[in-house]
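Heads up: the structure comes next, in structure tokens.
We did not get these values from a lab; they are worked out from the coordinates using the rules stated. In this text, all values refer to a predicted model and were calculated from it rather than measured experimentally. Quick reminder, even Gly has a Cβ in these numbers, built from the backbone with ideal geometry, and neighbours come from all protein chains shown.
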Amino acid sequence: MKLHEYQAKEILSHNNVKVPRGHTIFNISDIDKIKSQLQFPVVVKAQVHSGARGKAGGVKVTHSFDETIDYANSLLGQKLVTHQTGDKGLPINSLLIEEAIDIDKEYYIALTIDGSLSRPVFISSPEGGMDIEAVAEQNPQAILKTSINPSIGIMSFQVREIGAHLNLEDELLTQLQSILTGLYDAFVKNDASLIEINPLVATKDKQLSAADTKFSIDDSSSFRQENIFNIRDKTQEDDLELEAESNGIQNYIKLEGNIGCLVNGAGLAMATMDAIKFSGGEPANFLDIGTANNPESVVAALKIIGSDPDVKAIFINIFGGLARTDIIAEGFVQAKKNGLINQSTVIRLAGTNVEDGKKILIESGIEYKLADGFAEGASLAVKASKN
Ligand code: GDP
Ligand code: MN
């Protein structure tokens, strides 16, 4: 789950990380309430779950109340399209209005999990304010990774190493120490998967301040992070992914292609996407139905795939272990009879109860293509998607 910038900054400020003074508004009339507290210039920032808002026109420094109102009016209720959101963009339902800070230098700091080390890792770069992916590509030596022993936490020598990498003046090192420690505490306490400060700003009067923040929480922690999950903003999330979640399908991720995939097991789902790409197609989604042993969840999954306007063909690829192929077949027949899928469908069934599964398909009289193997299925699905 992602947090908005204003939510992230509130958490960071409670953990000794200095952030610019700001107010969040949800309606244009909210500005009147904070009018007397605004000291211009201010920065007005669209609150959407995306980076690169600046380049997309979602962040602006304004110099008067009227200019602020005009800009706020042009954003609230609209959608912001950035290069990270896709064409549809994300709805702007709130704005963060902050004191503008007098920027001397911009840095990049993030904390995430390094899966290969099973440890938290700080990522730092003196090239702040930029796309970190671009820095990693063009100037990889600008990026320092500092892994943290979770039973100790960040140590002073590591703070000095990061400070030296950022070419930070000595007088800012104490502030860096409290920012990195605070970041680490916030990360652990909230089961974060990523906290990114980009840019971390040094002001002309020698203050380090988190000018922009991204904060993601590990979804597996929802059972013990109730307070955080209560402030989740579902308007920023994909409708089909939300529907999948409400039907108990945790592993549905919408992708860019046009072949809808219904698969059991994350490994088979990955391999299915590879096979589709290998045959010259593009998957429209990742979907792991898991051990779906009731036709209802199969119907729900097919409804989600079928209602995606991007989907031109469907590939059902099941290797039944605990999952039973007859249940999958039953779910497919129901979804088809209820008109939930109109796309041509390729089915490959193997494993548990496969004879029963195939019998259900044959006796249904419904049109579909049966594939013997997995590569054949992928190639038939790619062909169907191009018709
Ligand atoms: P992003 O584009 O979504 O990453 O949004 P940011 O909050 O990082 O804003 C983009 C850029 O706007 C930053 O890299 C800064 O250069 C600039 N910016 C943001 N806040 C301020 C501020 O308070 N003062 C000034 N002068 N520039 C700012
Ligand atoms: Mn930024």
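A few comments on the model shown:
- Three-way shape label, the range 21-99, alpha-carbon gyration tensor, a/c 1.5: prolate
- Separation of the E171 and Q207 label points, Cα + 7 Å toward Cβ, nm: 1.5
- Within the chain, DSSP assigns beta bridges of which about 75% are antiparallel (rounded to the nearest 5).
- Distance between the pseudo-spin-label points of S246 and A142 (7 Å out from Cα toward the beta carbon): 4.4 nm.
- For the range 183-263, applying the loop criterion from DSSP together with a ceiling of 10 other beta carbons within 10 Å to the GluC sites (Glu not before Pro) yields E256.
- The stretch between I231 and K383 holds 50.3 nm of extra length on full extension. This uses 0.36 nm per residue minus the Cα-Cα distance.
- In sequence order, calculated HN-Hα J values of the range 96-101 (Karplus, 6.51, -1.76, 1.60; Hz; x Gly/Pro): 9, 10, 10, 4, 6, 9
- If R0 equals 25 Å, the separation of the Cβ atoms of H14 and S221 corresponds to a calculated FRET efficiency of about 0.85.
- For the chain, calculated [θ]222 nm from helices alone, where every DSSP H run of n ≥ 4 adds -39500 (n - 2.57): -10000 deg cm²/dmol
- Potential lengthening between S151 and L322 on full extension [0.36 nm per residue; Cα-Cα distance subtracted]: 57.7 nm
- If only the Cβ of Lys and Arg carry +1 and only the Cβ of Asp and Glu carry -1, the dipole of the chain around its Cα centre is close to 440 debye.
- Amide H contacts of D114 (H built 1.01 Å from N, under 5 Å, at least 5 apart or other chain): R119, V121
- Beta bridge orientation in the range 239-385: antiparallel %, DSSP, nearest 5: 20
- Computed log10 I(q)/I(0) for the chain at 0.07, 0.09, 0.11 Å⁻¹: -0.42, -0.66, -0.89, from the Debye equation with unit scatterers placed on every C-alpha and solvent omitted.
- Computed E for Q39/F278 - FRET, C-beta separation, R0 45 angstrom, nearest 0.05: 0.15
- 3J(HN,Hα) couplings calculated from phi for the range 45-51 with the Karplus curve 6.51 cos²θ - 1.76 cosθ + 1.60 (θ = phi - 60°) are, in sequence order, 10, 4, 9, 9, 7, 7, x Hz; Gly and Pro show x.
- Pairwise FRET efficiency - R119 versus S178, Cβ, R0 = 25 Å, nearest 0.05: 0.70
- A straight line joining the Cα centroids of the range 73-97 and the range 350-387 runs 42 Å.
- Geometric extent, Cα atoms of the range 274-387 - Rg, Dmax (angstrom): 12.9, 35
- Among the trypsin sites (Lys or Arg not before Pro) found in the range 224-290, those both in a DSSP coil and sparsely packed, with 16 or fewer other Cβ atoms within 10 Å of their Cβ, are R224, R232.
- Considering only G331, L172, F187, the residue lying farthest towards the positive end of the dipole of the chain is G331, judged by Cα position with unit charges set on Cβ.
- Proximal lysines relative to K2, as straight alpha-carbon distance under 22 Å, when same-chain residues fewer than 8 apart are discounted: K18, K45, K55, K79, K88, K189, K214, K234, K254
- Vicinal HN-Hα couplings computed from phi for the range 251-256 (Karplus, 6.51 cos²θ - 1.76 cosθ + 1.60; Hz; Gly/Pro x): 9, 10, 10, 6, 10, 8
- Stretch gain in nm, segment N294-S74, where the contour uses 0.36 nm per residue and the Cα spacing is subtracted: 74.4 nm
- Charge dipole (the chain, unit charges on Cβ, about Cα centre) - positive-most of I25, S220, S279: S279
- Paramagnetic reach from A266 (point 7 Å along Cα→Cβ, amide N under 15 Å) across the range 285-326: 286-291
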